[in-house]
Amino acid sequence: MALATRTERSPSLIGTLWRSTVGKKAVMATTGLIMLAYLVAHMMGNLKVFFGPGEFNHYGHWIRTIGEPFLHRTWFLWIARVVLAASVVLHGVAAYQLSRRDLAARPAKYERKRARASYATRTMRWGGVILGLFVVWHILDLTTLTVNPNAEEGRPYQNLVASFDRWWVSAFYIAAMLALGLHIRHGFWSAAQTLGANSPRRDRAFKVIANGLAALLTLGFLAVPIGVLTGIVS
Amino acid sequence: MNLTLRIWRQRDAGSAGAMTTYEVKGISEDMSFLEMLDHLNEELILAGDEPVAFDHDCREGICGACGMVINGAAHGPERTTTCQLHMRHFSDGDTIDVEPWRAAAFPVVKDLVVDRSAFDRIIGAGGYVSAPTGSAPDAHATPVPKPAADLAFEHAECIGCGACVAACPNGSAMLFTSAKVVHLNVLPQGAPERESRVLDMVDTMDAQGFGGCTNTGECATACPKGIPLTAIGRMNREYLRATVKGRG
Ligand code: HEM
Ligand code: SF4
Ligand code: FES
């Protein structure tokens, strides 16, 4: 007699991943890396602000035409926006669900416990919340121009300078970029570990790259508000 | 030396517990931490009090039973098991806090004793290999490459003590589970269950109410056997590979 075999249909790949802590963390790592890759490009584009309104506005215009004539105008931009929006949402929902679970799994504290983990590691959750709020503000300010004092469609340079001329906008931006640096410092190495790319031999290299990326992004993004505040960009 | 102990006392799983203070005198620095607790218990018994319940068995650092959190660190200040921790690492007049492992998946049974059977259920889900029984196999029937043997051995050192869970801010069992998965998955003997092992053990780990991993690294710092943090990365790779490949 043949042995009984399992007949139930195996669950879908995505479903299996989303249901387990390891898989959900892999979704977080993947979406985190997508956002990270975008931020590297975004940071380099921002630096064009130091070459004057002509060059920066031209760059802003070009973004809308990437992919032409194969893609219709702004299609590439919209594809990028959809991928990024999906990444932010998946990343945030996974972070929320996993954090809820983690807190429930450790209900009691110890009498005296010195945290051994680094500052970057301990601030991933609150740093992530700051980044999430920042993303919302940033889109309302410079994409939809809802809260921008200049709000001239097609003139990103002027909008940017007008926005950063308000000191508290620059202050929030600077705080968010420091949070970003910390998030990447732990996050990039963590993603390597989560996706199974890490090994004893590569561990140091991933930490060095994580610190490098964190420093590069933070300094690159900070240059713009500092440029406006010091009058180099006006 | 004379010490002040603040120990978690809890009558049973259902009652509320509290830290209770005891003074112990004349402790030798050559005593192990468990011998110091034995000494306290003898005094408690003579005084007609209930002795402090704690788990222990081998007292030579290999069974993993003697888990307790000492001054906020799993197994205390040295990277070893509580039975192998000696009182010379403390000074006369110290106040020492002693608490049970804290994790939702490890409920307190009494005082410092917790129920770690969640680990047994993870092992039951895949911590084995299929082998023909009846006749003894030839010793060298299955060649094992030296690097694989070394890697398996490094991860086989896990004694299931639970210090990783106790130290983790998320009460996660990833270091324990990954030690077992890596140990068996790198060996040819473990190959037939390579995919089902990691899928089932991770599923069971989640079902027991352990938290997820945030790569904090507290586990590997606390592990008395030096299971490396990269074990978790290796298990993540095995898990993702198995999800794509299917149960095999
Ligand atoms: C929407 C706001 C965000 C929230 C709430 C958030 C939250 C988190 C949390 C809680 C973690 C897990 C930390 C840990 O496991 O220790 C994490 C990991 C990570 N985040 Fe974010 N984050 C946000 C935005 C971002 C952004 C904008 C990036 C892009 C650069 C990013 C990149 C990463 C990476 C690469 C990881 C590592 C994934 C892993 O640990 O495997 N995050 N995030
Ligand atoms: S991994 Fe280390 S700390 Fe965790 S159960 Fe095994 S021996 Fe104990
Ligand atoms: S009593 Fe066996 S390891 Fe401590």
Restricting attention to segment B:113-126, does a residue exist that is of a type outside the set (A, V, I, L, M), more than 26 Å from residue B:54 (Cβ to Cβ), crowded, with 21+ Cβ neighbours inside 10 Å and modelled with pLDDT of 95 or more?
-> yes
Among the candidates A:229, A:222, A:182, single out the residue that is farther than 24 Å from residue A:53 by Cα and either modelled with pLDDT under 95 or crowded, with 16+ Cβ neighbours inside 10 Å (or both).
-> A:182
Which ones in segment B:51-100 are of a type in the set (D, E, K, R), within 23 Å of residue B:23 (Cβ to Cβ) and in a loop (DSSP other than H, G, I, E, B)?
-> B:92, B:94
Residue list for segment A:164-201, restricted to those being within 14 Å of chain B (Cβ to nearest Cβ), within 10 Å of ligand 1 (Cβ to nearest atom) and among the hydrophobic types (A, V, I, L, M, F, W, C) = A:184, A:188, A:189, A:191, A:192, A:195
Pairs where the first residue, in segment B:71-83, is within 14 Å of chain A (Cβ to nearest Cβ) and the second is part of a helix (DSSP H, G or I) and more than 13 Å from ligand 2 (Cβ to nearest atom), C-beta under 8 Å, 6+ apart = B:76/B:33; B:76/B:89; B:77/B:89
Boolean, residue B:173 is more than 16 Å from ligand 3 (Cβ to nearest atom), of a type in the set (A, V, I, L, M, F, W, C) and assigned by TED's automatic domain parsing to the domain that holds residue B:221 | yes
Determine whether residue A:101 is facing chain B (nearest Cβ under 8 Å), free of Cβ contacts under 8 Å to residues at least 12 places away in the same chain and of a type outside the set (Asp, Glu).
-> no
For segment B:185-206, does any single residue satisfy the condition of being among the aliphatic types (A, V, I, L, M), in contact with a Leu (Cβ under 8 Å, 6 or more places away or on another chain), in contact (Cβ under 8 Å) with a residue 24 or more places away in the chain and assigned to a helix (DSSP H, G or I)?
-> no
All positions within segment B:224-245 that are within 16 Å of ligand 3 (Cβ to nearest atom) and touching a Lys or Arg at 6+ places or on another chain (Cβ under 8 Å) = B:224, B:226
Set B:95, B:4: member being within 14 Å of chain A (Cβ to nearest Cβ), away from ligand 2 (no atom under 16 Å from the Cβ), at pLDDT 95 or above and touching a Lys or Arg at 6+ places or on another chain (Cβ under 8 Å) | B:95
Output the residues belonging to segment A:155-191 that are free of Cβ contacts under 8 Å to residues at least 24 places away in the same chain and touching a Phe, Trp or Tyr at 6+ places or on another chain (Cβ under 8 Å).
-> A:189
Filter pass, residue B:31 being away from every other protein chain (no Cβ under 14 Å) and either within 16 Å of ligand 3 (Cβ to nearest atom) or surrounded by 13 or more Cβ atoms within 10 Å (Cβ to Cβ) (or both) = yes
What is the one condition in (1) under 22 Å from residue A:25 (Cβ atoms); (2) out of contact with any Ser or Thr (no Cβ under 8 Å at 6 or more places or on another chain); (3) not polar (S, T, N, Q) that residue B:186 does not satisfy?
-> (1)
Does residue A:37 satisfy the criteria of being assigned to a helix (DSSP H, G or I), aliphatic (A, V, I, L, M) and within 14 Å of another protein chain (Cβ to nearest Cβ)?
-> no
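The values are calculated or read from the model by the stated rules, or taken from the named source; none is laboratory data. Not measured: the values here are computed from a predicted model. Counting neighbours? That spans all protein chains shown, and the Cβs are built from the backbone with ideal geometry, glycine included.
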